[in-house]
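Enquirer: Before I ask anything, let me first share the structure, which is written out below as structure tokens.
The values are calculated or read from the model by the stated rules, or taken from the named source; none is laboratory data. A quick note: this is a predicted structure, and the numbers were derived from the prediction, not measured. No Cβ is skipped: glycine too gets one built from the backbone with ideal geometry, and neighbour counts run over all protein chains shown. Note: accessible area is taken over every heavy atom of the protein model, side chains too, but ligands, DNA and RNA are not part of it. Shrake-Rupley method; radii C 1.70, N 1.55, O 1.52, S 1.80 Å.
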Amino acid sequence: DTTFSVLHINCRSINKNFDSILTLIAQFKFTIHIIAVTETWTTKCTESDFPIPGYTFTGKSRENKTGGGVGLCVLNTIDFKVRPDLNLDMSDIFESIYIELLNLPTKTIIGCVYKPPDSDVSAFTSLIDNVLSAVTSQKYLCMIAGDFNIDLLKAECHSPTTDFVNCLFSHSFYPAINKPTRITDTSATLIDNILTN
């Protein structure tokens with residue numbers, strides 16, 4: 001089987017929504033290799049309190065304030081190592097965690113990113129540009145899942161969003177999702193995505 005699947009869940013508290021996450025995962029009829037979770041709202045002390053059967057969790061919680069947090073649940077059959085050298089995040093701009101998968105035929109990096117809605121898009125673009133440069137220069141296949149809080153549907157009319165998209169394209173990264181991911185009675189936005197080269 002050559003299929004490789006990545007799922008992103010913006011859980012807005014893994015503690016509060018853990019049963020719903022397990023129910024969602026059980027509904028899939030195929031193997032999910034990596035589950036990226038944003039807004040875990042964990043602390044260093046609670047990161048290991050929510051084991052998903054069949055997966056190994058590696059996470060990064062906020063240290064200075066509540067909320068936020070990112071993590072990756074990796075299928076137990078996949079060997080990996082955390083890549084702290086790629087974590088160029090700044091807590092007020094974005095949070096991230098990256099891993100390198102070790103027993104795949106292709107060199108592969110998986111990342112999980114959360115950018116709070118009020119953080120500066122231009123500063124985020126500058127930091128993610130450094131990560132994409134590092135991944136590209138080392139010739140890795142890469143997928144970065146997360147809640148970017150940058151509405152890609154506004155790429156043609158909002159210059160910071162245009163700059164973000166151009167940054168992705170300049171490194172041969174493309175968003176895997178092109179339809180709204182968050183729909184309300186009054187809005188439709190594309191702010192969650194999986195970026196891949």
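Enquirer: In segment 97-131, which residue that is in contact with a helix residue (DSSP H, G or I) (Cβ under 7 Å, 6 or more places away or on another chain) and polar (S, T, N, Q) is farthest from residue 141 (Cα to Cα)?
Expert: Taking the candidates together, the pick is 122.
Enquirer: Mind checking which residues of segment 155-187 are of a type in the set (Gly, Ala, Ser), more than 20 Å from residue 111 (Cβ to Cβ) and out of contact with any helix residue (DSSP H, G or I) (no Cβ under 7 Å at 6 or more places or on another chain)?
Expert: 159, 187 - these are the residues of segment 155-187 that are of a type in the set (Gly, Ala, Ser), more than 20 Å from residue 111 (Cβ to Cβ) and out of contact with any helix residue (DSSP H, G or I) (no Cβ under 7 Å at 6 or more places or on another chain).
Enquirer: Mind listing whichever residues of segment 7-35 are part of a loop (DSSP other than H, G, I, E, B), closer than 16 Å to residue 61 by Cβ and open to solvent by 30 Å² or more (accessible area, probe 1.4 Å)? Steps first, answer last, please.
Expert: Restricting attention to segment 7-35, the residues satisfying the condition of being part of a loop (DSSP other than H, G, I, E, B) are 11-13, 28-33.
From what's left, closer than 16 Å to residue 61 by Cβ: 11-13.
Matches in segment 7-35: 12 only.
Enquirer: Considering only segment 68-175, give the strands (runs of 3 or more DSSP E) lying wholly within it that have at least 2 residues that are surrounded by fewer than 18 Cβ atoms within 10 Å (Cβ to Cβ).
Expert: On the way: elements: 70-75, 80-82, 95-101, 108-114, 141-147.
In segment 68-175, the matching strands (runs of 3 or more DSSP E) lie at 80-82.
Enquirer: Further question: Being under 21 Å from residue 98 (Cβ atoms) and out of contact with any Cys (no Cβ under 6 Å at 6 or more places or on another chain) is the filter here; which residues of segment 44-63 pass it?
Expert: Listed by number, the residues that qualify are 44, 47, 48, 50, 56, 58, 59, 60, 61, 62, 63.
Enquirer: Sort through 4, 57 and tell me the only one that's among the aromatic types (Phe, Trp, Tyr), in contact with a His (Cβ under 6 Å, 6 or more places away or on another chain), buried (at least 17 other Cβ atoms within 10 Å of the Cβ) and on the phi < 0 side of the Ramachandran plot.
Expert: That would be 4, the only listed residue that is among the aromatic types (Phe, Trp, Tyr), in contact with a His (Cβ under 6 Å, 6 or more places away or on another chain), buried (at least 17 other Cβ atoms within 10 Å of the Cβ) and on the phi < 0 side of the Ramachandran plot.
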